[in-house]
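A single structure is presented below for examination.
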Amino acid sequence: MVIDFDRTLTSFRHNGTYTSSCHGVVEKSRFTTPEYRQQTDALFQQYYPMEVASDLPRDEKFVRMVEWWTRAHELMVANRIQRAHIPLMVAESNMALRRGAREFLHELAAANVPVLIFSAGIADVIIEFLQQQNILMPNMHVVSNRMKFDENGILIGFQGELIHTLNKNATTLRNSPERWAHDTVRSNVLVMGDNLGDVHMSDGLEIQERLAIGFLNDKVAENLAVYRTTFDAVILNDGSMELPRQLVQHVISGGAEGCKRSEVLGAAQAVVAAKSA
């Protein structure tokens, strides 16, 4: 199981407002200055439309994402983010789990399914959030941008290769400080993410079957066609984890033994459709 974090495990909206991403948790915190928040908002306004644009060539988007992440991280260092503030930043943010995500993660842990949370966010924020939600479990592994602090707990940089939305693949995994290794015993993988580039998170791994589920949280009319082309199934409008839960339950129960990918997905969709009828 390879899962993106921001707006995949977490929701896109909560109580009617847009939720913070990992970077947003830091950038919008009361522990940062107004000048810093203005600078990071300017970066968001400049680069976010490029990130979600389905018609921007991948090569150009790749360059822009590197620019965005690099500049955002440089601003964090310049503003001397403190490690001791991370728990409070997370606790005071509006980051929230997607509906059904808690139950889904517990079911995966109970079935001993390895879960790789592969994120272009910030590992320190993700781990703290999972801990505060009491859902950081032994079957989970987090690969993301990990902060590097000095002896006084002041941010001085990030460890390893920069991870952004378009370079999440096996090469980045192998070069990460966490040194995550693919479980070669398991030849099938479920990939879930909200960005078109997330479909590539398992690229380069030795697998036989990959099933990809996309979360199209916003601008559905503009992007639905390309999401349907990219992913095997698409969950719309900040939808719940019901489909992934039913799919995994179908596999765990043995109903998918020997089935093709389309048969597994069809069985899960049929269960969800029956429940919603």
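A short reminder: the numbers here are calculations on the coordinates, not readings from a lab. These numbers come from a predicted model, not from an experiment. Cβ sites come from the backbone with ideal geometry, for glycine too, and all protein chains shown count toward neighbours.
Those residues that are part of a loop (DSSP other than H, G, I, E, B) and in contact with a helix residue (DSSP H, G or I) (Cβ under 6 Å, 6 or more places away or on another chain), I need them from region 122-137; list them, please.
Step one: of region 122-137, the residues part of a loop (DSSP other than H, G, I, E, B) are 133-137.
Scanning region 122-137 gives ILE135, LEU136, MET137.
Right, another one. Any chance region 46-59 includes a residue that's within 20 Å of ASP124 (Cβ to Cβ) and either of a type in the set (Phe, Trp, Tyr) or part of a helix (DSSP H, G or I) (or both)? Spell out how you get there, then give the answer.
Taking region 46-59 first, the residues within 20 Å of ASP124 (Cβ to Cβ) are none.
No, region 46-59 contains no residue that is within 20 Å of ASP124 (Cβ to Cβ) and either of a type in the set (Phe, Trp, Tyr) or part of a helix (DSSP H, G or I) (or both).
Same structure, new question: Do the conditions hold for SER119, that is, is it polar (S, T, N, Q), touching a residue at least 60 places away in the same chain (Cβ under 8 Å), assigned to a strand (DSSP E or B) and surrounded by 19 or more Cβ atoms within 10 Å (Cβ to Cβ)?
Yes.
Restrict the check to region 5-23 and report whether at least one residue is in a helix (DSSP H, G or I), surrounded by 15 or more Cβ atoms within 10 Å (Cβ to Cβ) and in contact with a Cys (Cβ under 8 Å, 6 or more places away or on another chain).
The answer is yes, given that some residue of region 5-23 is in a helix (DSSP H, G or I), surrounded by 15 or more Cβ atoms within 10 Å (Cβ to Cβ) and in contact with a Cys (Cβ under 8 Å, 6 or more places away or on another chain).
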